[in-house]
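A.B. asks: Take this structure first; my questions come after.
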Amino acid sequence: MHKFVSERAAGIPASSIRKMFNIAQGMEDVVNLGIGEPDFTTPGHIIEESMLGAKAGATHYTHNAGYIELRKLIAKETEELINQFVDPENEVIVTIGAMGALSLSMLAVINPGDEIIVQEPLWSNYVSHCLLAGGQPVTVPVYEDDDFNLKAEEIERKITARTKAILINSPCNPTGAVMSRENLEDIAELVRKYDLLVISDEVYDRIVYDGTKHVSIASLPGMKERTVIINSFSKTYAMTGWRVGYAVVPSEIQKPMVKLQESIVACAPSISQKAAITALQSSREQVQEMINSYDRRRKLLVEGLQQVPGFSCKLPKGTFYLFANIKQLGRSSEEVAMDLLTKARVVTVPGSGFGQAGEGYLRFSFANSEDNIKKAVERIDKFVRQEYGLS
Ligand SMILES: Cc1ncc(COP(=O)(O)O)c(C=O)c1O
């Protein structure tokens with residue numbers, strides 16, 4: 001570690017997703033199924049309206065919690081989701097992506113040594129945000145045999161006097177699992193029993209298939225006042241680069257989050273907030289088209305990979321990720337991902353990048369064209385048969 005670098009910064013684990021991308025960058029003709037964002041460009045009318053907003057003067061700092069017009073729209077949207085009143089003044093904060101909402105909420109609630117229970121495999125940034133806030137992530141493994149569902153009894157075993165919150169992510173990156181109402185009810189019971197908070201990352205709430213319904217844990221009895229809902233415009237509206245997200249939180253937590261936001265970044269970008277207003281005001285037709293397209297790609301990828309020797313997978317219920325089982329290959333996920341990259345020219349993410357419980361799996365993103373998905377499957381199939389000698 002360099003003498004000027006803090007222990008805190010050095011202690012944050014590096015992303016294995018980035019590692020794969022950095023290697024892939026120097027290569028030609030690579031099919032990238034490692035990407036964690038929509039391949040679509042933001043719908044044109046959202047871009048245009050935000051530019052008009054900028055020309056009309058929306059180029060200044062906004063309220064630290066975001067434009068009230070946007071907070072009102074977010075409150076309305078959340079009310080429909082949880083069937084309860086949401087106060088746009090005191091319970092909503094617009095942030096720099098969901099990541100902004102996650103980091104501010106952790107900074108607002110964690111005292112040094114507080115434990116946050118989270119499932120594994122997990123999106124690795126949860127660990128970083130928790131550590132940065134001085135907390136201790138405590139992981140609970142989830143299993144393919146349970147459809148990667150986080151079980152209340154497994155959580156209960158990990159609860160200690162230091163437990164502050166349970167972090168849930170449904171629909172889930174990387175497994176694509178969507179938690180059922182019954183599952184959430186069991187967790188909610190625990191949360192009330194042990195007087196805990198829930199941080200509920202719902203950024204993939206709209207990206208669900210086969211009639212699956214996303215349920216927010218905040219909609220369950222007595223849970224709104226114990227839940228930080230994290231959401232974002234990134235995935236639903238293909239707006240990752242705009243960096244705009246939000247949290248819907250109990251007012252006692254919103255206030256410190258606004259104070260923290262004021263001192264760290266002031267506010268989310270005004271132009272992006274204008275774009276978010278347009279996104280929420282307009283019809284969801286284009287969003288639905290994108291979801292239909294992910295759905296076709298999802299089926300194509302699953303059908304394709306099921307034919308590849310050593311691979312097994314089921315249709316994910318949500319997100320644009322597939323967590324494929326590669327245990328039969330008898331090699332580490334990192335080794336397989338590296339082989340696929342360097343010898344088959346396909347980028348995937350090793351399951352171990354999502355924690356030890358992810359070992360034996362590869363994460364595929366199907367936010368890529370049908371042609372590229374077909375090409376990737378052909379390359380993987382050929383590679384596995386030729387190089388690993390499987391059939
Ligand atoms: C589960 C999860 N939460 C949050 C984010 C970050 O979203 P945003 O772009 O809004 O910061 C991602 C992005 O990949 C994600 O997968």
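The values are calculated or read from the model by the stated rules, or taken from the named source; none is laboratory data. From a predicted model like this one, the values you see are computed outputs, not experimental measurements. Here the Cβ positions follow ideal geometry from the backbone for every residue, glycine too, while neighbour counts run over all protein chains shown. Please note that ligands, DNA and RNA were not included when accessible areas were found on the heavy atoms of the full protein model with its side chains. Shrake-Rupley method; radii C 1.70, N 1.55, O 1.52, S 1.80 Å.
A.B. asks: Once both labels are modelled 7 Å past Cα along the beta-carbon direction, what's the Glu144-Glu77 spacing in nm?
C.D. replies: Placing both labels 7 Å along Cα→Cβ, they lie 3.5 nm apart.
A.B. asks: Extending each Cα 7 Å along its Cβ direction at Lys314 and Arg162, get the distance between those two points in nm, one decimal.
C.D. replies: 3.5
A.B. asks: Please work out the Cα center distance from region 320-374 to region 203-235, rounded to the nearest Å.
C.D. replies: That distance is 27 Å.
A.B. asks: May I pose another question? Ignoring any ligand, DNA or RNA, what whole percent of the accessible area of the chain comes from carbon and sulfur when the probe is 1.4 angstrom? Please list the in-between numbers first.
C.D. replies: On the way: 8330 of 16990 Å².
The computed percentage sits at 49.
A.B. asks: Just the accessible area per residue of the chain, please: how many Å² with a 1.4 Å probe? Display every interim value, and only then the final one.
C.D. replies: Working: 16990 Å² over 391 residues.
That works out to 43 Å² for each residue.
A.B. asks: Could you pull out the trypsin sites (Lys or Arg not before Pro) across region 203-269 that fall in loop regions by DSSP (anything but H, G, I, E, B) with no more than 14 other Cβ atoms inside 10 Å? Walk me through the numbers on the way to the answer.
C.D. replies: On the way: sites: Arg206, Lys213, Lys224, Arg226, Lys235, Arg243, Lys259; in loops: Arg206, Lys213, Lys235, Arg243.
Taking region 203-269 and a limit of 14 other Cβ atoms within 10 Å, the loop trypsin sites (Lys or Arg not before Pro) found are Lys213.
A.B. asks: For the chain, which longest stretch is free of loop sites, where a loop site is one of the GluC sites (Glu not before Pro) that DSSP puts outside H, G, I, E and B and that has at most 14 other Cβ atoms within 10 Å? Let's see the in-between values first.
C.D. replies: On the way: sites that count: Glu28, Glu89.
In the chain, the maximal stretch lacking such sites is 90-391.
A.B. asks: Using the Cβ atoms and a cut-off under 14 Å, what net charge is assigned to the surroundings of Leu197, where Lys and Arg are +1 and Asp and Glu are -1?
C.D. replies: On the way: positive: Arg162, Lys164, Arg192, Lys193, Lys224, Arg226; negative: Asp114, Glu115, Asp195, Asp201, Glu225, Glu252.
Around Leu197, the charge tally is 0.
A.B. asks: While we're looking at this one, here's another question. Under unit Cβ charges (Lys, Arg +1; Asp, Glu -1), what dipole magnitude, rounded to 20 debye, does the chain have relative to its Cα centre?
C.D. replies: Magnitude of the dipole: close to 680 debye.
A.B. asks: Chymotrypsin sites (Phe, Trp or Tyr not before Pro) within region 36-116: which are DSSP loop residues with at most 13 other Cβ atoms inside 10 Å? Before the final figure, lay out each step's value.
C.D. replies: Details: sites: Phe40, Tyr61, Tyr67, Phe85; in loops: Phe40, Tyr61, Tyr67, Phe85.
For chymotrypsin sites (Phe, Trp or Tyr not before Pro) across region 36-116 that sit outside H, G, I, E and B with at most 13 neighbouring Cβ atoms in 10 Å, the list reads Tyr61, Phe85.
A.B. asks: How high is the FRET efficiency from Lys299 to Phe4, r the C-beta distance, R0 56 Å, rounded to 0.05? If you can, show how the numbers build up before the last one.
C.D. replies: Details: r = 51 Å, r/R0 = 0.91.
Calculated value: 0.65.
A.B. asks: Calculated FRET efficiency, Glu225 and Tyr61, Cβ-Cβ r, R0 22 Å, to nearest 0.05? Intermediate results must be reported in sequence, preceding the final value.
C.D. replies: Numbers: r = 30 Å, r/R0 = 1.38.
Efficiency at R0 = 22 Å is approximately 0.10.
A.B. asks: Glu262 versus Lys151, label points 7 Å from Cα toward the beta carbon: distance in nm?
C.D. replies: 4.7
A.B. asks: OK, next. State the Cα centre-to-centre distance between region 51-114 and region 283-307 in whole Å.
C.D. replies: For region 51-114 versus region 283-307, the Cα centre distance is 30 Å.
A.B. asks: Largest first, what is the accessible-area ranking of Ile291, Ile68 with a 1.4 Å probe?
C.D. replies: Descending accessible area places them as Ile68, Ile291.
A.B. asks: Can you quote the Å³ per residue value for the convex hull of the Cα atoms in region 217-312, rounded to an integer?
C.D. replies: Cα convex hull per residue, to the nearest whole number: 179 Å³.
A.B. asks: Using the alpha carbons of the chain, what is the convex hull volume per residue in cubic angstrom, as a whole number? List each step's numbers first, then the result.
C.D. replies: Details: hull volume 58.4 nm³, N = 391.
Spread over its residues, the Cα hull of the chain gives 149 Å³ apiece.
A.B. asks: What length, rounded to one decimal in nm, is gained on full extension from Lys193 through to Glu28, with 0.36 nm per residue of separation minus their alpha-carbon distance? Intermediate results must be reported in sequence, preceding the final value.
C.D. replies: Details: separation 165, 0.36 × 165 = 59.40 nm, distance 5.48 nm.
Contour length minus the Cα-Cα distance gives 53.9 nm.
A.B. asks: Another question, if that's okay. Could you give me D for region 1-125, from Stokes-Einstein at 10 °C and 1.306 mPa s, where the hydrodynamic radius is the Kirkwood radius over C-alpha pairs? Units µm² s⁻¹, please. Before the final figure, lay out the partial values.
C.D. replies: Values: Rh = 19.2 Å.
Approximately 83 µm²/s, per Stokes-Einstein.
A.B. asks: Loop-only trypsin sites (Lys or Arg not before Pro) in region 1-51, please: DSSP not H, G, I, E or B, and at most 10 other Cβ atoms within 10 Å.
C.D. replies: Numbers: sites: Lys3, Arg8, Arg18, Lys19; in loops: Lys3.
Loop-located and lightly packed - Lys3.
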